[in-house]
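The structure under discussion appears below in the form of structure tokens.
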Amino acid sequence: MKSYNFKKIEKKWQEKWKKDKIYNSKDFVRGKKNFYHLVMFPYPSGDLHIGHWYNFAPADVYARTKMMQGFNVMSPMGFDAFGLPAENAAIKRGIHPKDWTYKNIETMTSQLKSMGNMYDWNRKIITSDPEYYKWTQWMFLQLYKHELAYKKKAAANWCPKCHTVLANEQVVNGKCERCEAEVVQRNIEQWLFKITKYADKLLKDIDKVDWPEKTKIMQKNWIGRSEGALIKFKISNSQFSIDVFTTRVDTIFGCTYVVLAPEHELIRQLAEKIENYNEVTKYIDDAKRKSELQRAELEKDKTGVKLEGVMAVNPFDNEEVPVFTADYVLGHYGTGAVMAVPAHDERDFEFARKYDLKIKQSVSGGKPEDKLFTEDGILVNSGKFTGLLSEKARKEMGKWLEKKKLGKRTVKYKLRDWLVSRQRYWGSPIPIIYCPKCGIVTVPEKDLPVLLPKVKNYLPTEEGKSPLAHSKNFINIKCPKCNGPAERETDTMDTFVCSSWYYLAYVMRGISNFQFPISKYQKAFKRWLPVNMYVGGAEHTVLHLLYSRFFTKALKDFGYVDFKEPFMSLRHQGIILGPDGQKMSKSRGNVIDPDELVKNFGADVVRMYLCFMAEYSQGGPWNPTGIMGIKRFLEKVWKLADKVKPNVPHKGLTFVLHKTIKKVTEDIENFKFNTAISSLMILVNEMEKQPALEVKNWKLIIHLIAPFAPHLAEELWQSLGHKKSIFLSTWPKYDSKKIKEEKVKLVIQINGKMRDIFEVSVGIKEKEAKVLTLKRENVKKWIGNKAVKKTIFIPNKLINIVI
RNA sequence: GCCCGAGUGGCGGAAUGGUAUACGCGCACGACUUAAAAUCGUGUCUCGAAAGGGAUGUGGGUUCAAAUCCCACCUCGGGCACCA
């Protein structure tokens, strides 16, 4: 046989697959179950990098296996084209974001095609296409109609470099996720989605999906459920009161002061009572000027101001305690006010020590302890609750509060509503109109999409308004209700809105090219959704994955879909580092270029090496020499074809062959691609030793290799005279009878140490095994004249003699 | 600080209570070659002449038996971070 010319062969098969449309999925195929296999779509950054390959290639191995296992597989691909990353990159190069994005999509599409993955290009979507964002806008309107989208003026995270507000999830350590500029608080009118309404469902339903445990835990922590109590502290000599939230009611007899967050509106309402109001407002202004990061950095040095002349009453013992404002209390969590218990809370303890406030013990750990004790214990100095254990006390005291109508037991979440306005150009316009007469008016469905105009001035501005605010043509519009002059909303949507529903879009794409109404698609939704397998990076744990779940739950409540969770199974790929073990970056010069590798080795070798180089979810540094091993392996397989002869009696191969079928099938199902390949290598090494190969066995190995090296496998398959693609043939099944062994090696241990090994028949009984064992010279030598105390026998595996 | 995950040859890694180091890379030697590359073969944890001993981050524990389970600690990676 000729040497393996990957360039020619890969090109040939990519063209043939395209021509025969074998990966174009139909919504319904008789006798086949649908399988929706999804990878996280890339944003058009410019080039496909090795990380994309590491996501897409092994995922494609999985999809191809499913296809051969008889599923009607849909594996679509598209581009997350709107958003900050693309826009920032374009601005840096002085190119219009639209031109930049679509140029990149073109390059990346051809790079993607060179991978030879089984994408259904008929279903390609681009989120910045008007036909796509027409639906993004429609989704916004649905949320608005159901009161899940609302507008509000409040402090928001403002990135001074990107000139836009950001969602809570996009602020990392007080810095902008994208440009790492320090985020400041700014009061701006903005649109939010009420994701908090679904906090409970998002938390509960996460246990129903097959996702990595770590990802589930991270989402749970992000949602951050706390059970506690809401308690009313009356303010002496006034009609006002302070609601505090605490998870530790049991410590309330140790409360020695109350703290309001600087943002708390009650402070203004109490202005007349506060004797040092000037001092207080000065403190509040200072606090507002601090960024989240600065507030966090000052963690250890807590500051605050006492509200002179204001006292709050502890409902449990009717004692008056002073009230402070301090920025260690957060305005956006709980009620923005806390009861301070310095004896049992670290933060209150620090604050109390600094301002020399009373520290009063109310829970005891049973041992003499330092002043600070933060764990559960037994209540002391707590009136009629004294002597109760903390846990019991929380229940009893909660009930007492409810009875006296001074508070109630309640649940709070860390999750905050999703801020979706962006003061940026490259995003979907928000389909809202402001009419001086009618107020907020939605754009009628028939007028969608609100087109994003191609403006010259797309640069973001410091003023807190989108560049669209300068486009008169865009802003000025007639009110759809009263026909009077009105103005459009000029902010665009967070790009994560676009990606929150894209898994629906691929299904819709297969039908009528995004025409309204939604009812057109609901039959297809039923056929394909939810997504069976979703593969992508772990970095989206609290962004995309949480938002998509929220969208799905909302759409289910609106009656448009009939499932609660969008992604039934989820797998993450690890991160590939540079050969130096550092994160790949152009400035470090440790970037691995997949195009170069494909040029030198071919797509099959690259994808297979990616599968082999590490445990999939682990990733790790790129080993530049390791790829040679896979190249040799595929060449070995190619040469094996020369050994195929008709009518060869197979000797000894059946056993290892069927074991390999079992192992490869199971490993692919479990995303253990590396061990699947190693067992294929063992099989091929065995086959090489044979003088000749039977066609039947040869076919089996081609099948097993096909998902990993699809081009090579097709070529070998065709050379056997097959007209149809190997991917339209059936995945081999192992015969459990053929992997039953007749003989096994029984390990002999003496006192737990391996001393001997010998072959026995499968199913040998303990008695017989023991007799045979004790007869062996090696064993006799070790036992000597000592008595056998005990024998442990593990059938078909091991016998351990204890002396 | 809190919550996860990981630590095994020169390297990537395998083994999730029962033969530690599969498979691959690298390296060494040999074959083929005028030569080199490619290819093929043999070897490759460590101490020891051998018998045998030792080794899965460190220290302890459970067990007939531990890389695997438990406890403490160290190192690295990821996430959260004044969330009351």
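The values are calculated or read from the model by the stated rules, or taken from the named source; none is laboratory data. This one's a predicted model, so the numbers in the text were calculated from it and none came from an experiment. No Cβ is skipped: glycine too gets one built from the backbone with ideal geometry, and neighbour counts run over all protein chains shown. SASA here: full protein model, heavy atoms, side chains in, ligands and nucleic acids out. Shrake-Rupley method; radii C 1.70, N 1.55, O 1.52, S 1.80 Å.
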Exercise. How far, in degrees from 0 to 90, does helix A:6-20 lean away from the longest principal axis of the Cα atoms of chain A, to the nearest 10?
Worked result: 70 degrees
Exercise. How much length is gained on full extension from residue A:465 to residue A:765, taking 0.36 nm per residue of separation minus their Cα-Cα distance?
Worked result: 99.8 nm
For this session: Take the alpha carbon atoms of chain A, find their radius of gyration, then divide it by 2.2 N^0.38 Å using N residues; give the quotient.
Result: 1.20
Problem set entry | Sites residue A:654 and residue A:103, calculated FRET efficiency, Cβ-Cβ separation with R0 56 Å, nearest 0.05 | 0.55
Seminar exercise, completed: In the structure shown, of A:197/A:384; A:631/A:672; A:151/A:556, the pairs separated by more than 29 angstrom at the C-alpha atoms are A:197/A:384
Problem set entry | Computed log₁₀ I(q)/I(0) - Debye formula, equal Cα scatterers, no solvent, segment A:1-118, q 0.16, 0.19, 0.23 Å⁻¹ | -0.88, -1.07, -1.28
For this session: Please give the per residue accessible area of segment A:444-559, computed with a probe of 1.4 Å over protein heavy atoms only, in Å².
Result: 41 Å²
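Would you calculate a helix-derived [θ] at 222 nm for chain A, using -39,500 (n - 2.57) for each DSSP H run of n ≥ 4 and dividing by the full residue count, to the nearest 500?
Numbers: 26 runs with 287 residues, N = 803.
When only DSSP H runs of four or more count, the value is -11000 deg cm²/dmol.
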For this session: Would you calculate the separation in nanometres between label points at residue A:173 and residue A:319, each defined as 7 Å from the Cα along the Cα-to-beta-carbon direction?
Result: 4.2 nm
Exercise. Once fully extended, how much extra length lies between residue A:670 and residue A:210, figured as 0.36 nm per residue of separation less the alpha-carbon to alpha-carbon distance?
Worked result: 164.4 nm
Problem set entry | Separation in nanometres of the label points that stand 7 Å from Cα toward Cβ, at residue A:558 and residue A:93 | 3.5 nm
For this session: Have a look at segment A:668-786 and give its Rg and Dmax from the Cα atoms, expressed in angstrom.
Result: 22.0, 72
Exercise. Using the beta-carbon distance between residue A:539 and residue A:238 and R0 = 51 Å, what value does 1/(1 + (r/R0)^6) give for FRET efficiency, to the nearest 0.05?
Worked result: 0.55
Exercise. What accessible area per residue, rounded to a whole number of Å², is obtained for segment A:608-723 using a probe radius of 1.4 Å?
Worked result: 42 Å²
Exercise. What share of Cα pairs, in percent, lie more than 15 angstrom apart in segment A:130-170?
Worked result: 61 percent
Exercise. Got a number for carbon plus sulfur as a percent of chain A's accessible area, 1.4 Å probe?
Worked result: 50 percent
Problem set entry | Amide N of segment A:709-730 lying under 16 Å from the label point, which is placed 7 angstrom from the Cα of residue A:5 along Cα→Cβ | A:712, A:715-716, A:719
Seminar exercise, completed: The rounded separation in angstrom of the Cα centers of segment A:79-108 and segment A:417-470 is 20 Å
Problem set entry | For segment A:733-792 versus segment A:155-177, the gap between their alpha-carbon centres in whole angstrom | 66 Å
For this session: Round to the nearest 0.05 the FRET efficiency obtained for residue A:520 and residue A:456 when R0 = 45 Å and r is the Cβ-Cβ distance.
Result: 0.75
For this session: Work out the charge dipole of chain A with +1 on the Cβ of Lys and Arg and -1 on the Cβ of Asp and Glu about the Cα centre, then indicate which of A:94, A:508, A:754 is farthest towards its positive end.
Result: A:754
Exercise. PRE reach from residue A:18 (point 7 Å along Cα→Cβ): which of segment A:118-141 fall under 15 Å by backbone N?
Worked result: A:118-124
For this session: Can you tell me how much longer the chain between residue A:282 and residue A:358 gets when fully stretched, taken as 0.36 nm per residue apart minus their C-alpha distance, in nm with one decimal?
Result: 24.8 nm
Seminar exercise, completed: Most packed first (mean Cβ within 10 Å per residue), the peptides A:748-759, A:578-589 order as A:748-759, A:578-589
